[in-house]
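Trainee: So that we are looking at the same thing, I have put the structure below in structure tokens.
The values are calculated or read from the model by the stated rules, or taken from the named source; none is laboratory data. None of these values were measured; they are calculated from a predicted model. Every residue, glycine as well, gets a Cβ built from its backbone with ideal geometry; the counts of neighbours run over all protein chains shown. Ligands, DNA and RNA are stripped out before the accessible areas are found, and what is left, the full protein with its side chains, is counted by its heavy atoms. Shrake-Rupley method; radii C 1.70, N 1.55, O 1.52, S 1.80 Å.
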Amino acid sequence: VIPSEQWAQVLEQTGGRVVYKKIPVPKPGPDEVLINIKYSGVCHTDLHALNGDWPLATKMPLVGGHEGAGVVVARGSLVKDIEVGDHAGIKWLNGSCMSCVHCRQTHESLCADAALSGYTVDGSFQQYAIGKAAHVARIPADCDLEAIAPVLCAGLTVYKALKESGARPGQHVAIVGAGGGLGSFALQYARAMGLHPIAIDGGEDKREHCAALGAESFIDFTKSKDIVADVRRASGDGLGPDAVVLLAVSEGPFQQASQYIRSRGTIVCVGLPANAFIKAPVFDTVVREINIKGSYVGNRQDTAEAIDFFRRGLIKTPYKVVGLSELQNVYDLMVAGKVAGRYVVDTSH
Ligand code: 8ID
Ligand code: ZN
Ligand code: ZN
């Protein structure tokens, strides 16, 4: 039976703190499913939503979260292709119009009418969350719900970004912010895709964390005297990595990547530091044929592929589990830069 009330973490005011309290269980519309969320990963995007530091307003009050894994408990009358009892996930793209030019071409995250979980609609930091049936992630029954939760944003996003980088097996890719949530998954997906990952992050904890995840080298941005030279040296022949995936939540690396990318290489921007700009010299960009692009989550097919890598046992990223009631502590650790990998909240306490 579905209860009428549930536990949730609610943000009442941008810039405030989340409050753990009971709220009503929502009811799914005709094209929606209701998912009993068991676990949800905590993404740095949730912290941006809390702080309101992006040029896009959130709904308010807001239930955050967009890496929610659980069990379908109810479905609307139009939903035919997912059953009550199936495992499913709430991801960042909660729904889209399905008929605009971007949706028609499967670039559904670009839809002007996209609903964003934990941002423009309530997300997965509650025990029962709603998603459009077309968009909820299909999670195979043999996948651990706790471990797969962060694949629904972190895994999916870096998998798509690595594909967008065009890097081929055997090539080098620099992962900037490698010790964080997205970075940890990027190291694992890069390895699984046959790439040589170069990790860039700060501190001994993150060095050890990245080494355990398969980074072939680690450059400490807090200690390196010449990051550009260090990254180039780590790329085998010294000409720089073929691709750079920028996941850091600071502007500096976005200004620096063009200095160490290999000629004809691709810089993929994924991290979203507030008020930041990407800058590169026009001369080098032209004569070294440097590509600079953005990558924003992934579509439903990318989701299925990212989940399949996980299901095959290729992605084993360590994570820490705490109760949903402790979400604010996780944010505080994230602000302090003390989270290596991902935190996952258990909605049962
Ligand atoms: O679709 C997208 N584009 C998308 C999807 C999901 C998340 C974008 N994001 C964005 C988030 O909103 C956030 O801005 O990606 C960014 C990273 O999210 P995250 O991985 O969840 O954050 P984290 O766990 O805090 O990791 C960030 C890492 O960056 C390192 C930190 O030490 C941390 O490990 N870092 C920083 I801050 N400055 C650095 C620097 N100068 C750095 N690493 C290297 N060099
Ligand atoms: Zn996210
Ligand atoms: Zn659309």
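Trainee: With of a type in the set (G, A, S) and more than 16 Å from ligand 1 (Cβ to nearest atom) as the only criterion, which of G95, G65, G118, G89 stands out?
Mentor: G95
Trainee: Give me the residue from segment 290-311 that is within 16 Å of ligand 2 (Cβ to nearest atom), open to solvent by 10 Å² or more (accessible area, probe 1.4 Å) and of a type in the set (G, A, S) and, out of that set, farthest from R264 (Cα to Cα).
Mentor: S295
Trainee: Turning to a different aspect of this structure: Mind checking which residues of segment 51-78 are touching a strand residue (DSSP E or B) at 6+ places or on another chain (Cβ under 6 Å) and either within 16 Å of ligand 2 (Cβ to nearest atom) or open to solvent by less than 40 Å² (accessible area, probe 1.4 Å) (or both)?
Mentor: L62, V63, G65, H66, E67, G68, A69, G70, V71, V72, A74, G76 - these are the residues of segment 51-78 that are touching a strand residue (DSSP E or B) at 6+ places or on another chain (Cβ under 6 Å) and either within 16 Å of ligand 2 (Cβ to nearest atom) or open to solvent by less than 40 Å² (accessible area, probe 1.4 Å) (or both).
Trainee: Just the residues that are within 18 Å of the chain's Cα centre (by Cα) and within 13 Å of I290 (Cβ to Cβ), please, taken from segment 244-259.
Mentor: V244
Trainee: For segment 269-297, which positions are within 18 Å of L247 (Cβ to Cβ) and β-branched (V, I, T)?
Mentor: Passing the criteria: V270, I278, I292, V297.
Per-residue answers, yes or no, for (1) assigned to a helix (DSSP H, G or I); (2) within 16 Å of ligand 2 (Cβ to nearest atom); (3) crowded, with 24+ Cβ neighbours inside 10 Å:
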residue	(1), (2), (3)
T157	yes, yes, yes
A161	yes, yes, yes
G166	no, no, no
P169	no, no, no
V173	no, no, yes
G179	no, no, yes
G183	yes, yes, yes
A186	yes, yes, yes
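Trainee: Inspect all residues belonging to segment 147-155 and state whether any of them is in a helix (DSSP H, G or I), more than 16 Å from ligand 1 (Cβ to nearest atom), small (G, A, S) and open to solvent by less than 50 Å² (accessible area, probe 1.4 Å).
Mentor: yes
Trainee: Only residues that are open to solvent by less than 30 Å² (accessible area, probe 1.4 Å) and outside any helix (DSSP H, G or I): list them for segment 243-257, please.
Mentor: Those that are open to solvent by less than 30 Å² (accessible area, probe 1.4 Å) and outside any helix (DSSP H, G or I): A243, V244, V245, L246, L247, A248.
Trainee: Condition check: open to solvent by 70 Å² or more (accessible area, probe 1.4 Å), more than 16 Å from ligand 3 (Cβ to nearest atom), assigned to a loop (DSSP other than H, G, I, E, B) and in contact with a His (Cβ under 8 Å, 6 or more places away or on another chain). Does L314 satisfy that?
Mentor: Taking the combined requirement at face value, the residue does not satisfy it.
Trainee: I've got another one for you. State the number of residues belonging to segment 204-239 that are over 26 Å from I315 (Cα atoms), over 25 Å from the mean Cα position of the chain (by Cα) and either of a type outside the set (K, R) or assigned to a loop (DSSP other than H, G, I, E, B) (or both).
Mentor: The qualifying residues number 11.
Trainee: Let me ask something additional. Of the residues that sit in segment 260-305 and are closer than 21 Å to A192 by Cβ and in a strand (DSSP E or B), which one is farthest from the chain's Cα centre (by Cα)?
Mentor: This residue is T266.
Trainee: For the subset of segment 1-50 comprising residues that are crowded, with 17+ Cβ neighbours inside 10 Å and of a type in the set (G, A, S), which member is nearest to F277 (Cα to Cα)?
Mentor: Restricting to residues being crowded, with 17+ Cβ neighbours inside 10 Å and of a type in the set (G, A, S), the top hit is A49.
Trainee: Just to be sure before I move on: is Y331 open to solvent by less than 60 Å² (accessible area, probe 1.4 Å) and either within 19 Å of H87 (Cβ to Cβ) or not charged (D, E, K, R) (or both) in the structure I sent?
Mentor: So Y331 fits the description; yes.
Trainee: For segment 87-106, give me each residue that is touching a residue at least 24 places away in the same chain (Cβ under 8 Å) and either within 18 Å of G155 (Cβ to Cβ) or over 23 Å from the mean Cα position of the chain (by Cα) (or both).
Mentor: Correct list: H87, A88, G89, I90, K91, W92, L93, N94.
Trainee: Let me ask something additional. So how many residues does segment 71-115 have that are among the hydrophobic types (A, V, I, L, M, F, W, C), more than 8 Å from ligand 3 (Cβ to nearest atom) and assigned to a loop (DSSP other than H, G, I, E, B)?
Mentor: Within segment 71-115, residues that are among the hydrophobic types (A, V, I, L, M, F, W, C), more than 8 Å from ligand 3 (Cβ to nearest atom) and assigned to a loop (DSSP other than H, G, I, E, B) number 5.
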